[in-house]
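Visitor: First the structure, then my questions, so here it is.
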Amino acid sequence: MSDAAVIASPGVRSPLREFWNRLRRRKVALVSAALLLLLVLSAVFAPWVAPYDPTAADYANILAPPSAAHWAGTDAFGRDILSRIIWGGRISLAVGFLSVSIGGIVGIGLGLISGFYGRWLDSLIMRSSDVLLAFPGILLAIGVIAILGPGIDNVIYAVAVFSVPVFARLVRGSTLALKSAPYVDAARAIGVKSRWLMLRHILPGALPSVIVYFSMRVGTSILTAAALSFIGLGAQPPSPEWGAMLADGRSFIGVASHVTFYPGMAIFVTVLAFNLLGDGLRDALDPKLKNV
Amino acid sequence: MLNYLIRRIVGIVPVILVIALLVFLFVHMLPGDPARLVAGPEATLQDIENVRRSLGLDRPIHEQFVLFLWHAVQGDFGNSLKTRIPVVEEIGLRLTPTIWLTVCAMAWATVFGLLIGVASAVKRGRWPDYVGMFIAVSGISFPAFWLGLLLIDLFSVRLGWLPTGGFESAKSLIMPSFTLGLGVAAVMARFTRSAFIEISREDYIRTAHAKGVYARAVIWKHTLRNALIPVITMVGLQFGFLLGGSIVVETVFSWPGLGRLLVDSVAYRDYPVIQAEILLFSLEFILINLTVDVLYAVANPEIRFK
């Protein structure tokens, strides 16, 4: 982006500044970004932030309602729920980012190849994406888990699978639009290799929409991963994963509703923040898309 | 039109074959001996040999696939490892509750999604729009399983109005179908809003306003009617996704449907049931997509001739 800053004369604003100016006006997106930053920080520094050990049982304080000592109360083993949520944030955020990154990298590669080379390769990749896109993510994920077996590591791959077609289709569209752009033709004319054309000249043009989808997919992936843990196919009970905590607390509904309330809230707020940030980024990157 | 229909139906045959192949290979992809897996954990060596022969696992793999297809076409997926009853019967028992659940969820979600979408579009940029779109984005982000637990907490445990789970009466349908439909209502609202806004910029809407048609009539008769075409497509697509969502919702409400059967069979490693269910779900999605495309082609002649 430093190139853009050099070129930018007083009259011409750089795309980055333009983008920042539009994003700055979207208060909801900024609040979401701040919240997510806070979540990431608390997850990274969980050992210092969390008031208690997330696995330490305290049988004198079972199912205690929220109090000054335990802000979100304790669960059936007397474990501090707030501490578990903070540690669980590590799992959820890691699963979200990793799975979307894996799915994104594979999808971007396929999309570039599909759009750049066209012909049968394009048909093959796009038809396969269509088939994958036709399925709800959770069903694909369950299919993958049926093969790999339950567990949080496998959830990452399971959830990554359904990000692949989304990115493939998105990047293919941008590639088709950009591959005949004058600057790409110029690069080709001076003998730039195909691989380099795709990565250095076409991919950057596709990045804005990739970023928007990345944000939204992380939210969806966290939600799906939590759902998988809730139905018992993801993280297993002693783990402070949010979905697993909800599954754990189901039996105490009505008796100690806080056991499920706070982890549920954590999932909702995190996913909502990613979706709102995605909305804001989309509007700021491309004002034309606002009503779509 | 008939041409288009035939082309589409011919087009889905390879897709179905690929999915059937994947489902068939599924048992072979698992580590270990497929015969041993299918025979179940308590099988004797003799049982395993019998299974191997009855499934044709002693034959070359392409013959096995043909045999698998032949059995699948006849609805024969073997017996459930857990209950020992034929998989087809097992699935037959679970079909009706899931259909009830998805149809009810779809019905309310479509009505509310449309209303919220239209309200947001008409009052664009004012508070009903903000409220509507806030509900929509929350609905997409809300974990269905948490919503289910919150509803059980309030309406079953505290108020005692509704049963916590199972499928006994019409009352049992209320909470599960609400929970399942929320995400769809949210998507519908967003989609209706953008479709509505797009149509309301058309010349013929301006003409209708200009010639003095009541605003209400323009909204419901002129704009919504045209906006409905893409919305109908969306309803079809969402139907498929409801079937996916039912997996989670059925677990929350102990609903005796297909979704919970799938979860149970994955947890129990009940491979014949998993195979049959994945094939069934896939066929459903393919048929729904086909129906949507055909309806779309009926509505929009341009597509037919592409």
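Visitor: What's the number of the condition residue B:283 fails, among (1) of a type in the set (A, V, I, L, M); (2) within 14 Å of chain A (Cβ to nearest Cβ); (3) touching a helix residue (DSSP H, G or I) at 6+ places or on another chain (Cβ under 6 Å); (4) surrounded by fewer than 20 Cβ atoms within 10 Å (Cβ to Cβ)?
Guide: (3)
Visitor: Check residue A:217 against each of (1) among the basic types (Lys, Arg); (2) within 14 Å of chain B (Cβ to nearest Cβ); (3) surrounded by fewer than 20 Cβ atoms within 10 Å (Cβ to Cβ); (4) more than 23 Å from residue A:78 (Cα to Cα) and name the one condition it does not meet.
Guide: Failed condition: (3).
Visitor: State yes or no: is residue B:276 under 30 Å from residue B:37 (Cα atoms), within 23 Å of the chain's Cα centre (by Cα) and either more than 10 Å from chain A (Cβ to nearest Cβ) or modelled with pLDDT under 85 (or both)? So that I can check it myself, show each step before the final result.
Guide: Working: under 30 Å from residue B:37 (Cα atoms): yes; within 23 Å of the chain's Cα centre (by Cα): yes; either more than 10 Å from chain A (Cβ to nearest Cβ) or modelled with pLDDT under 85 (or both): yes.
It is true that residue B:276 is under 30 Å from residue B:37 (Cα atoms), within 23 Å of the chain's Cα centre (by Cα) and either more than 10 Å from chain A (Cβ to nearest Cβ) or modelled with pLDDT under 85 (or both).
Visitor: Consider residue B:146 carefully, then state whether it is at negative phi and in a loop (DSSP other than H, G, I, E, B).
Guide: In short, no.
Visitor: I would also like to ask the following. Taking into account only those residues within region A:264-273 that are open to solvent by less than 20 Å² (accessible area, probe 1.4 Å) and more than 8 Å from chain B (Cβ to nearest Cβ), which is nearest to residue A:20 (Cα to Cα)?
Guide: Here the answer is A:273.
Visitor: Of everything in region A:186-198 that's part of a helix (DSSP H, G or I), under 24 Å from residue A:168 (Cβ atoms) and without any contact (Cβ under 8 Å) to a residue 60 or more places away in the chain, which residue is least open to solvent (accessible area, probe 1.4 Å)? Talk me through it step by step, then tell me what you get.
Guide: Of the residues in region A:186-198, the ones part of a helix (DSSP H, G or I) are A:186-189, A:194-198.
Among the residues that remain, those that are also under 24 Å from residue A:168 (Cβ atoms) are: A:187-188, A:194-198.
Subsequent filtering for residues that are without any contact (Cβ under 8 Å) to a residue 60 or more places away in the chain retains A:187-188, A:195-196.
Details: A:187: 7, A:188: 100, A:195: 183, A:196: 144 Å².
Restricting to residues being part of a helix (DSSP H, G or I), under 24 Å from residue A:168 (Cβ atoms) and without any contact (Cβ under 8 Å) to a residue 60 or more places away in the chain, the top hit is A:187.
Visitor: Can you tell me which residue is least open to solvent (accessible area, probe 1.4 Å) among those in region B:106-143 that are without any contact (Cβ under 8 Å) to a residue 24 or more places away in the chain, farther than 26 Å from residue B:260 by Cβ and not in a helix (DSSP H, G or I)?
Guide: My answer is B:125.
Visitor: In region B:230-251, which residues are under 15 Å from residue B:113 (Cα atoms) and open to solvent by 10 Å² or more (accessible area, probe 1.4 Å)?
Guide: Correct list: B:230, B:232, B:233, B:234, B:235, B:236, B:237, B:238, B:239.
Residue-by-condition table, conditions (1) within 12 Å of chain A (Cβ to nearest Cβ); (2) in a helix (DSSP H, G or I); (3) crowded, with 18+ Cβ neighbours inside 10 Å; (4) of a type outside the set (A, V, I, L, M):
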position	(1), (2), (3), (4)
B:167	no, no, yes, yes
B:186	yes, yes, yes, no
B:191	yes, yes, yes, yes
B:195	yes, yes, yes, no
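Visitor: Which residue is nearest to residue A:230 (Cα to Cα), if the candidates are limited to region B:257-273 and must be more than 10 Å from every other protein chain (Cβ to nearest Cβ) and modelled with pLDDT of 85 or more?
Guide: B:261
The values are calculated or read from the model by the stated rules, or taken from the named source; none is laboratory data. All figures in this text were calculated on a predicted structure; none of them were measured in a lab. Cβ coordinates were reconstructed from backbone atoms using ideal geometry, including for glycine residues, and neighbour counts include every protein chain displayed. Keep in mind that these areas ignore ligands, DNA and RNA; they rest on the heavy atoms of the full protein, side chains included. Shrake-Rupley method; radii C 1.70, N 1.55, O 1.52, S 1.80 Å.
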